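**Q** Quick one: structure below, then a few questions.
The values are calculated or read from the model by the stated rules, or taken from the named source; none is laboratory data. Being a predicted model, the structure only gives us computed values, none of them experimental. Note that each Cβ is placed from the backbone with ideal geometry, even for glycine, and that neighbours are counted across all protein chains shown. For accessibility, only protein heavy atoms count, side chains too; no ligands or nucleic acids. Shrake-Rupley method; radii C 1.70, N 1.55, O 1.52, S 1.80 Å.
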Amino acid sequence: QVQFVESGGGLVQPGGSLRLSCAVSGSSFSIYAMGWYRQAPGNQRDLVAWITSGGSTDYADSVKGRFTISRDNAKNAVYLQMNSLKPEDTAVYYCWRLGPWVGSWGQGTQVTVSS
């Protein structure tokens, strides 16, 4: 069974940086594309960054140029480096295995951008 444990969130001032980590249990991590989602209060959960099994990446327009997704297949981990943070980046961030499958979300990690 695949499980996700996100960490690295916190309170940061506008313009600051955070690095989120996600530990993924289960086998065959390296063959799946992975993504980072976020959900602000009252909003839907949106995909903001994704990385293929081969390491290709793409981003939502709202974070392009500021966020960087990466993965370490040896550690079954995916990361999200977030720079130049804005108040509108405030949300709970989740990682997820992309593609058609059934599973449970992790607890997420809260990111709050505020002065």
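**Q** Would you be able to say whether some residue in segment 48-56 is under 19 Å from G106 (Cβ atoms) and surrounded by fewer than 14 Cβ atoms within 10 Å (Cβ to Cβ)?
**A** Looking for residues that are under 19 Å from G106 (Cβ atoms) and surrounded by fewer than 14 Cβ atoms within 10 Å (Cβ to Cβ), one finds none in segment 48-56, hence no.
**Q** Can you name every residue in segment 1-47 that is of a type in the set (V, I, T) and either open to solvent by 60 Å² or more (accessible area, probe 1.4 Å) or assigned to a strand (DSSP E or B) (or both)?
**A** V5, V12, V24, I31
Here is a yes/no grid of residues against (1) surrounded by fewer than 17 Cβ atoms within 10 Å (Cβ to Cβ); (2) in contact with an Asp or Glu (Cβ under 9 Å, 6 or more places away or on another chain); (3) farther than 19 Å from P14 by Cβ; (4) β-branched (V, I, T):
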position: F67; (1), (2), (3), (4): no, yes, no, no
position: K75; (1), (2), (3), (4): yes, no, yes, no
position: Y79; (1), (2), (3), (4): no, yes, yes, no
position: K86; (1), (2), (3), (4): yes, no, no, no
position: L98; (1), (2), (3), (4): yes, no, yes, no
position: G103; (1), (2), (3), (4): yes, no, yes, no
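**Q** Here is a further query. Before we move on, is A49 hydrophobic (A, V, I, L, M, F, W, C), within 22 Å of G15 (Cβ to Cβ) and free of Cβ contacts under 8 Å to residues at least 24 places away in the same chain?
**A** no
**Q** What strands (runs of 3 or more DSSP E) completely inside segment 48-115 contain at least 2 residues that are under 18 Å from S7 (Cβ atoms) and modelled with pLDDT of 95 or more?
**A** Hits in segment 48-115: 67-72, 77-82, 91-97, 109-113.
**Q** Exactly one of (1) open to solvent by less than 30 Å² (accessible area, probe 1.4 Å); (2) within 10 Å of the chain's Cα centre (by Cα) is unmet by V111. Its number?
**A** That leaves (2) as the condition not met.
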